[in-house]
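Heads up, the thing below is written out as structure tokens.
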Amino acid sequence: MKRILSGMQPTNRLQLGNYLGALRNWVDLQGNGNQCLYCVVDMHAITMPYDAAQLATSTREVTAAYLAAGVDPKHSSIFAQSAVGDLHAELMWYIATMTQIGKLDRMTQFKDKAGKNAEKAGLGLYAYPVLMAADILLYQATHVPVGEDQKQHLELTRDVAATFNHRYGKEFFTIPEPMIMGEATRVMSLRDGTQKMSKSAESDMSRINLTDTAEVIADKIKRAKTDPLPLPETVDGLKDRPEADNLITIYAALSGTTKAAVIAEFAGKQFSEFKPKLSDLTVAKIGPITEKMRHLLAEPKEIDVILEAGAEKARSIAAPTLKEVKQLMGFWKA
Ligand code: AMP
Ligand code: TRP
């Protein structure tokens, strides 16, 4: 049996990169005897300035997005990290003692988020990958489906697990495998093909939100940055054309084909011909999710029921793991 675990932060609205790089794969991984745990990582969301009055609402919104995309609470447990926060934070502390700061210093997400003023960044932002490692190890997850940007954090998680196992003389923690799936493992900004599409980027025009209307989606794609050349004849022709590559990648991922198949269809065509097709496809795939999210959010109590059941299940898995960690580490009466 695979135990799948992943999470997203309830910061802003989810964007197309979250969907294609992660969420869609989470849905596909349900079934086949897999046990799936999908967390809303609200304790990670407070590592950057945020609005306390909005946090619980954002947690429900992200839960609604999971559900609308097809995560099925009959097969998967959906829970808020803070609902099991005592256990996540406790394990984080223990494994923090075996995380080298040299490794944390190399984390690119920290460098990006801290920016030029890294001295003033909070300890939480710096320690963020240790909490993520705790999220994963607490459940003995075997597989973690994420976008490419999370690979470095997964490597750190594997290192920490191996260090623990070595130090305490037992193959206790499962070493989790990252799963980076599909054509669109790194969706780029619509304004700059060298930057990742992100829900926290300043310009809303840089991303497609899962809550955008058909008109907004069409407008964003129409105004997406491109280059003056027609679409190439081969996938190799996308080299050094990051914006073209990105739009082709999105098309391939949304239509469930490959970049080569999309190129074969649009070789030599102008963006003016390709973009309306991409808009139609995006609206066709995202529209129903947006619609479902709206319905779900009209009944926030039902979302809370799902989150409560998820938290109970999560705790039932996490508590015995933590107990054994404490025993292995030699704590009094553990
Ligand atoms: P976050 O928005 O940072 O909470 O990310 C949640 C999940 O979405 C993680 O698995 C990320 O790797 C994935 N993700 C976020 N942005 C992108 C993107 N632009 N392309 C592909 N995957 C992404
Ligand atoms: N760090 C991840 C991101 O920014 C979110 C996350 C936190 C996560 N804990 C996790 C993802 C555990 C997978 C498993 O996208």
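We did not get these values from a lab; they are worked out from the coordinates using the rules stated. This is a predicted model, so every value here is computed, not measured. Virtual Cβ from ideal backbone geometry, glycine too; neighbours counted across all protein chains shown.
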message: Just to be sure I understand the model, the point goes 7 Å from the Cα along the line to the Cβ. What's the resulting T194 to A162 distance in nm?
response: 3.3 nm
- request: Pull out the extension gain between D204 and K103, defined as 0.36 nm times the separation in residues minus the alpha carbon to alpha carbon distance; nm, one decimal.
  value: 33.1 nm
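Share of antiparallel DSSP beta bridges in the chain, in percent to the nearest 5? Show your work: numbers first, answer last.
On the way: 2 of 17 bridges.
In the chain, approximately 10 percent of DSSP beta bridges are antiparallel ones.
Counting Lys +1, Arg +1, Asp -1, Glu -1, what net charge surrounds E177 among other residues with beta carbon under 15 Å of its beta carbon?
Values: positive: K2, R3, K151, R158; negative: E148, E155, D159.
Overall, the nearby charge balance is +1.
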Total formal charge among the other residues, if their Cβ is under 12 angstrom from that of R186, Lys/Arg +1 and Asp/Glu -1: -2
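What is the calculated FRET efficiency for S272 to D28, with r their C-beta to C-beta distance and R₀ = 35 Å, to the nearest 0.05? Can you show the working numbers first?
On the way: r = 34 Å, r/R0 = 0.96.
Once the sixth-power term is evaluated, E becomes 0.55.
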message: Could you tell me how far the Cα centroid of the range 163-208 sits from the Cα centroid of the range 1-46, in Å?
response: 11 Å
message: Below 14 angstrom from the Cβ of P300, what's the summed charge of the other residues (Lys, Arg +1; Asp, Glu -1)?
response: -2
- prompt: Which of M181, S198, L154 sits closest to the plus end of the dipole of the range 154-233, meaning its Cα is farthest towards the positive end, when Lys and Arg get +1 and Asp and Glu get -1 on the C-beta?
  reply: L154
message: Going by amide H atoms built from the backbone, whose H comes under 5 Å of the H on M179, apart from near neighbours?
response: V144, V146
task: May I ask you to list the aspartates and glutamates whose Cα is less than 17 Å away from that of K326, ignoring any residue fewer than eight positions away on the same chain?
output: D86, E90, D135, E171
message: For a quick check: with amide H placed at 1.01 Å from N, whose amide H comes under 5 Å from S189's, ignoring anything fewer than 5 positions away on the same chain?
response: Q195, K196, M197
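Using 0.36 nm per residue, how much length does the chain from K326 to E291 gain when fully extended, once their Cα-Cα distance is taken away? Working shown, then result.
Details: separation 35, 0.36 × 35 = 12.60 nm, distance 4.59 nm.
Between K326 and E291, full extension yields an extra 8.0 nm.
Over the chain, what is the relative contact order in whole percent, taking alpha-carbon pairs under 8 Å and six or more residues apart? Spell out each step's value before the answer.
Details: 508 pairs, mean separation 76.6, N = 334.
The value is 23 percent.
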message: Rounded to the nearest 20 debye, what is the charge dipole size of the range 206-261 about its Cα centre when +1 sits on each Lys and Arg Cβ and -1 on each Asp and Glu Cβ?
response: 120 debye
